[in-house]
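The values are calculated or read from the model by the stated rules, or taken from the named source; none is laboratory data. Since the model is a prediction, treat every value here as computed from it, not as a measurement. Quick reminder, even Gly has a Cβ in these numbers, built from the backbone with ideal geometry, and neighbours come from all protein chains shown.
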Amino acid sequence: MKGSQRSIGAYLAIALLWLAPAVPAEELVIEQVTVVSPQHPKPQPRQNVLIRDGRIVSVGSQPVKAASGATRIDGRGKFLTPGIMDSHVHVGDVPGLALGQNDPAMQSLADAYIRQQPRSYLYHGVTQVLNLASGPEQLAAFEAQPQHPDLFSCGPVIVLDGYPTVFIDPAVRYQVMPDYVYEPANAAAHPLPKGADPAQHTPEVIIDKIAASGAPCVKIFIEDGFAEGTGWPLMSKETLQRVRAATRKRGLTLVAHANAIDMQRIAVEAQVDVIAHGLWNWNEYSSDEGVPPAIAAHLRDIHAKKIGYQPTMRVLAALADLFREDTLKDPAYAKVVPAPLLQWYETPAGQWFKDEMRKGMGNPPDMKAMHNYLVVGSRGMRAAKYLHDLGHPLLLGSDTPSAPTFGNQPGYDTYREMRMMAQSGIPLPTIFQAATINNARQFGLDKDYGSVEAGKIANLLLLTANPLETMRAWTSIDRIILRGAVIKRESLAAPRE
């Protein structure tokens with residue numbers, strides 16, 4: 001009986017931890033802290049920061065006058081930075097779970113993930129996320145959690161029968177993704193569904209809907225297949241021009257999925273604002289050393305046209321992680337993955353995507369499969385470093401989850417994306433800019449986010465190390481401040497029961 005009482009008490013404690021929202025103090029003062037912010041060329045020591053009603057009121061060396069009931073934090077020996085923004089996430093997808101399963105056990109795992117997901121982002125200091133294509137119900141589920149990063153979302157503009165709808169059963173494809181663009185140039189192979197009105201499936205109509213939703217951006221998909229000869233339909237040059245004109249008219253940022261040299265050339269010609277993937281598919285220019293002239297010329301074109309660039313190095317690395325023996329033994333997984341889901345990944349059923357990927361490569365052994373992905377991924381790393389050397393501002397985006405791989409996990413993959421940037425030879429101050437002010441500026445959010453300045457939303461991190469000096473600083477988060485609410489990091493870790 002005593003054991004049962006202890007179990008009930010443990011469950012009650014976990015429930016209270018999950019349900020108790022972080023309530024912002026009316027006033028918060030952080031005293032004698034070192035501020036690390038993009039507008040300053042070097043850290044600013046002994047700063048006093050006043051936060052009121054979720055926004056920064058003042059930052060300076062003078063003592064702060066605050067109400068007698070204000071919460072005060074001793075910042076001595078600590079570093080205050082803006083919260084991280086991950087500008088490429090998919091909040092509606094569960095890493096490692098197949099789409100469209102109607103299984104109560106799988107739904108239970110998905111529900112546990114959905115509850116923990118926003119907390120996992122916060123655990124790793126991600127206080128803003130940009131979702132690139134998820135349904136309204138999935139976005140609502142994310143925001144329904146008591147603690148979650150500030151969420152922004154791009155509206156998808158998908159060509160009829162194109163990627164990513166190719167993975168949806170044609171019988172329900174148009175119900176799941178009703179706002180597609182009809183491409184007359186593809187009409188022979190991809191006719192308009194019976195009863196559909198072509199006037200309701202033009203770029204202008206779909207983009208008007210996205211603008212009305214309040215989204216800051218539009219995402220298009222320039223992808224003709226993941227294997228040679230796939231031949232998925234694309235928008236014509238004329239349709240892309242109409243998309244570009246409609247987004248400009250509506251003041252929306254145009255983001256393009258494209259990770260191969262031929263697809264990225266289409267994106268550059270279409271004058272997109274952001275390419276949402278690194279360049280790792282070099283096709284006929286593939287090389288295991290350096291950056292070939294044709295790839296270099298393309299990267300210089302991106303730089304000259306000031307197109308935003310997300311390296312998304314974790315896409316290939318997360319596929320390689322499927323074949324690492326120690327992936328699921330990484331103690332960091334236990335902090336961000338619910339225990340039942342982590343246990344399921346270890347089962348034969350949880351390895352289904354690994355088996356699928358292995359078959360697609362001709363069933364190589366694990367070490368060979370891992371090596372294959374890392375070789376291709378190294379090209380993306382070299383491309384990102386080349387752009388950095390040109391002086392091109394990079395954007396932090398993890399593409400979590402990029403596929404049904406348990407190698408992508410929220411928050412942890414944002415940190416690992418930053419770590420891979422460092423491994424590519426990109427300096428820590430550049431990574432800091434990519435994670436903070438660059439994303440905010442690119443998506444028109446810099447009035448509220450991206451730096452520690454008066455007037456901005458108080459989404460901040462209190463670290464015990466300087467992120468301009470060591471990558472480990474991002475694992476030394478002491479507290480997350482979310483719209484003025486102070487959250488201790490370990491309170492955000494996934495429950496282990």
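Observations on the structure shown:
- Boolean, Thr239 is free of Cβ contacts under 8 Å to residues at least 12 places away in the same chain, over 27 Å from Glu137 (Cα atoms), among the β-branched types (Val, Ile, Thr) and assigned by TED's automatic domain parsing to the domain that holds Lys306: no
- Total residues in segment 400-430, condition free of Cβ contacts under 8 Å to residues at least 40 places away in the same chain and either in a helix (DSSP H, G or I) or of a type in the set (A, V, I, L, M) (or both): 1
- Scanning segment 397-408 for residues being over 27 Å from Gly290 (Cβ atoms) and within 10 Å of the chain's Cα centre (by Cα) gives a total of 2.
- Contacts under 7 angstrom Cβ, first residue in segment 342-362 being exposed (fewer than 13 other Cβ atoms within 10 Å of the Cβ), partner modelled with pLDDT of 95 or more and of a type in the set (Gly, Ala, Ser), 6 or more apart: Met361/Ala369
- For the residues Gln175, Gln147, the requirement of being part of a loop (DSSP other than H, G, I, E, B) and over 26 Å from Asn259 (Cα atoms) singles out Gln147.
- Restricting attention to segment 459-471, the residues being under 21 Å from the mean Cα position of the chain (by Cα), in a loop (DSSP other than H, G, I, E, B) and surrounded by fewer than 22 Cβ atoms within 10 Å (Cβ to Cβ) number 0.
- Set Leu394, Leu390, Leu428, Leu374: member being surrounded by fewer than 14 Cβ atoms within 10 Å (Cβ to Cβ), in contact with a Leu (Cβ under 8 Å, 6 or more places away or on another chain) and within 26 Å of Ile295 (Cβ to Cβ): Leu390
- Of all residues in segment 318-339, at least one satisfies being in the same structural domain as Pro216 (by TED's automatic domain parsing), over 27 Å from Ala422 (Cβ atoms) and touching a residue at least 60 places away in the same chain (Cβ under 8 Å).
- Complete set of residues in segment 61-90 that are hydrophobic (A, V, I, L, M, F, W, C) and modelled with pLDDT of 95 or more: Ile73, Phe79, Leu80, Ile84, Met85, Val89
- Residue satisfying condition, being surrounded by 21 or more Cβ atoms within 10 Å (Cβ to Cβ), at positive phi and assigned by TED's automatic domain parsing to the domain that holds Leu252, within set Gly411, Gly407: Gly411
- Residue pairs whose Cβ atoms lie under 7 Å apart, sitting 6 or more positions apart in sequence or on different chains, and linking a residue in segment 205-217 that is not assigned by TED's automatic domain parsing to the domain that holds Asp273 and assigned to a strand (DSSP E or B) to a partner that is of a type in the set (Gly, Ala, Ser) and at pLDDT below 95, do not occur here.
- For the residues Val243, Val291, the requirement of being in contact with a helix residue (DSSP H, G or I) (Cβ under 6 Å, 6 or more places away or on another chain), among the aliphatic types (A, V, I, L, M) and under 27 Å from Pro401 (Cα atoms) singles out Val243.
- Unique residue being in contact with a Phe, Trp or Tyr (Cβ under 6 Å, 6 or more places away or on another chain), of a type in the set (Gly, Ala, Ser), surrounded by 12 or more Cβ atoms within 10 Å (Cβ to Cβ) and within 30 Å of Pro404 (Cα to Cα) when the list is Gly96, Gly92: Gly96
- Listed conditions (1) surrounded by 15 or more Cβ atoms within 10 Å (Cβ to Cβ); (2) in contact with a strand residue (DSSP E or B) (Cβ under 8 Å, 6 or more places away or on another chain) are all met by Ala196, apart from (2).
- Test: residue in segment 440-458 that is in contact (Cβ under 8 Å) with a residue 60 or more places away in the chain, surrounded by 18 or more Cβ atoms within 10 Å (Cβ to Cβ) and either under 25 Å from Val337 (Cα atoms) or of a type in the set (Asp, Glu) (or both): no
- Under the condition of being free of Cβ contacts under 8 Å to residues at least 40 places away in the same chain and not small (Gly, Ala, Ser), the residues counted in segment 225-236 number 3.
- Count - residues of segment 477-497 that are over 21 Å from the mean Cα position of the chain (by Cα) and among the small types (Gly, Ala, Ser): 3
- Any hit, segment 106-125, residues being modelled with pLDDT of 95 or more, of a type outside the set (Asp, Glu) and part of a loop (DSSP other than H, G, I, E, B): yes
- Restricting segment 147-182 to residues that are touching a residue at least 60 places away in the same chain (Cβ under 8 Å) and loosely packed, with under 13 Cβ neighbours inside 10 Å, the residue that is nearest to the chain's Cα centre (by Cα): Phe167
- Some residue of segment 201-217 being more than 24 Å from Met420 (Cα to Cα), at pLDDT 95 or above, in contact with a Phe, Trp or Tyr (Cβ under 6 Å, 6 or more places away or on another chain) and surrounded by fewer than 21 Cβ atoms within 10 Å (Cβ to Cβ): yes
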